[in-house]
Structures are given as structure tokens and as C-alpha cells.
1. In debye, nearest 20, what is the charge dipole magnitude of the chain about its Cα centre with +1 on Lys and Arg Cβ and -1 on Asp and Glu Cβ, if you could check?
2. Could you work out the percent of alpha carbon pairs in the chain separated by over 27 Å, rounded to a whole number?
3. So how do Tyr232, Tyr306, Tyr134 rank on accessible area, 1.4 Å probe, biggest first, that is with the largest at the start?
4. Hey, what's the chain come to in accessible area per residue, 1.4 Å probe, Å²?
5. Set the Förster radius R0 to 56 Å, insert the Cβ-Cβ distance between Ser244 and Val91 as r into 1/(1 + (r/R0)^6), and round the FRET efficiency to 0.05.
6. So for the chain, taking the charge dipole from beta-carbon charges (+1 Lys/Arg, -1 Asp/Glu), which of Thr323, Pro121, Ala177 sits furthest toward the positive end?
7. At a 1.4 Å probe, what is the % contribution of carbon and sulfur to the accessible area of the chain?
8. Hey, got the dipole for the range 29-177? About the Cα centre, +1 on K and R Cβ, -1 on D and E Cβ, debye to the nearest 20?
Amino acid sequence: MKSGIKTIAKPFLLLALILLQGCIKEDKFGLSGFNQIRAFEIPGQAGPTTISQDELRITIPFAEGEDVSALAPQRIEISNLARISPRAGEVQDFREPVLYTVTAEDGSEAVWEVTVRVAEPQPQLANSGFDLWYDAGGYQQPGSDAESTIWDTANPGLAIVGGANTTPEDLGNGDFAARMVSVRAPLFVRMAAATLYTGSFTDGFPNPTDPRSNIDFGTLFSGRPSAFRVAYRYLPGAEYLDGSGNPLPGGDQADLYILLERREGDQVARVGTAWYRSGDTVADWQTLEVPVKYGPLSSSDPEFEYANIRPGETWADPDARPTHITVVFSSSALGDFFTGAIGSELWVNDFELVY
């Protein structure tokens, strides 16, 4: 009886193994179809690589004056089991975009466009006149479209309750300004300051207790301006209150500033600072010019208390080349703490970097 059980079991065991092998090969573990580029670096690049997985585009910044006619990428990371052509280490002429083909294990191909951008000697930021605006679905945003713009606002957070507090102001003859108004936000917090900045509002539900956590500030930039210049108006609101609605001495203030930073991975080092904070009423358009201070702020600087580096950041060498610039305009300087006056209005137009 014992040997009979063994004889009967063997055919069933063999059949089970055959069926299992068939499932693994055909149904469960088929050939990979992934053909992504996850990292792409060239020695000497001036800042981090930007990779758009949706558009199959890669952009790499280089400092002004760099010769990019014969560059050999040294670090290229692609999907597992895929292959790429040309390969890392092969010299390419990046004066024009170079196409890289990534072939997945299953043979499917994706053609990636790699562009090296050499900084202009005196670079300016795109749409810094704020003449271009696009429909973001119920509200307007600065730029020609969501994919190409370097500017964002606090509008995505307010749009959840059907609002927007940064809007285009038509000045006539095709000239537009950005108008920002601190507004009441009863569903979340007492007030919402209007903010226009370089960077992007992150995906996901806004954090009402920490607005900055919803924002990735900054855009790629390698210039060293001596100042920034902007046309502006400011009308502070009448009732200056803290986050709990308690009256405060003084009045609301507007913030207009730029930060030049050198970023390497998660490390942020401040290269230069140009910050203007004021509660003065400016009813008619005025042109403001704010100098950039390179290196650490000192206690004698009027902006020392509020413009200093944040925890986890460091000061860069004053002669360092930036990799990013953060530009911020806000109708209520302490809006991060929900402090300010509802109804404070800030207009900005014709922002430019001075060299």
C-alpha cells in the first residue's frame, strides 16, 4: 500500500509542476515593458537634471560660456532589464538635442530627447512681465500652459472651495499685471495670503496648518544679478490680526524677494538674498529696485530676522554659482502663520533681474 501511494502521487506532482511553469512564463512574469530613464548626468553640469517622464524629455543646465559640443554622459539609470542607445560614456554633440532610445525587455522602444541648456550671460525669467495667463480650470494661472510655466500661485489650494486670490489685471494694450489679495478662508483657516512664486504647488490635499509644505519653491537658474527690479502697488488691509483673529499693533506688510541658492541633492546653500518688506501704502505704480547681498546676512541688515536661512540650510561661498532662484511676492508677509489683514492687495508687473 505504501508504494502504491507513491506511484499515484508522482503523476499529479509532475502535472502540477508543468502547469505552474506555464503560468509563470506566460501569465505572471511576462517580459518587462518599462523603458524609462530615471537618472541622467553629465560631468560639469551647473544644476540638477530635470526629467519629464510624460513627455520623454530631459533638460540639463550648463553655465554660461560652456562648450557642450563634445560631452560624455557618465551616469544614466534606466528601467531594469532595458537597454539604451547611445550608451553612457559615449561622446555626443549637445549643441542640439540628442535622441536616446530605451528598449524594454519586451522590445518596445521609447525615444527620449535630451537637451543641454547653456545659460545666457544675463538670464531673465520667462513671463516675468506676467502678460501670459492660462485657464487652470476655473481660475487663471501665470504662464502659457501648466507644463512650461515656472510660476505658480496659492490658487490651487483655494480652488477646492471655488476661490482664487491671484488674478491677471488688464492694464490695456496687451499689458497685464498680477493682482494678489489676502482673502477670508473660513473652511480652513482665518485668512489666506495671496502668493506668486517660482516653483509649483504639490499634488495632494493642501495642508491648512503648514502652507509651505504644499509648495516646491524655485526654478533652475545660474545667473548672478546685482539686484531685481519690479513695478508694484500695495494697499494694506484695514484690520491687522493674528492667526486666531486677535488685533496686532502695526499693520500688514507685503513681501517681495528673491533667493539665489545652490542645491546639491537635498542640500540647500544660500548664495544671495534680495528682500523687501514694507507696509507702506503705494496707491500708484512705483518701480522698486532691491540689491542682492551675496553671502551671509549680518545683524545690521534690516532683513536679518526674517530673511535668514532656514533650519537645515547653509550659507554658500559668496562667489558660488547658483543653481536655482526663488522669487516670491505675497500680499501678507506673515501669511504662513495666517497673520495679516483680509483685503490687503499687492500688484506686481515687469519683474526683471539687474546685472
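The values are calculated or read from the model by the stated rules, or taken from the named source; none is laboratory data. Nothing here was measured: the structure is a model prediction, and the numbers come from that model. Every residue, glycine among them, receives a Cβ derived from its backbone with ideal geometry; neighbour counts consider all protein chains shown. Surface areas here come from the heavy atoms of the whole protein model, side chains and all, with no ligands, DNA or RNA. Shrake-Rupley method; radii C 1.70, N 1.55, O 1.52, S 1.80 Å.
1. Its charge dipole is roughly 1760 debye.
2. Value for the chain (Cα pairs over 27 Å): 57 percent.
3. Tyr306, Tyr134, Tyr232
4. Ligands and nucleic acids excluded, the result is 53 Å² per residue.
5. Efficiency at R0 = 56 Å is approximately 0.35.
6. With unit charges placed on the Cβ atoms, the residue in question is Thr323.
7. 52 percent
8. That gives the range 29-177 a dipole magnitude of about 540 debye.
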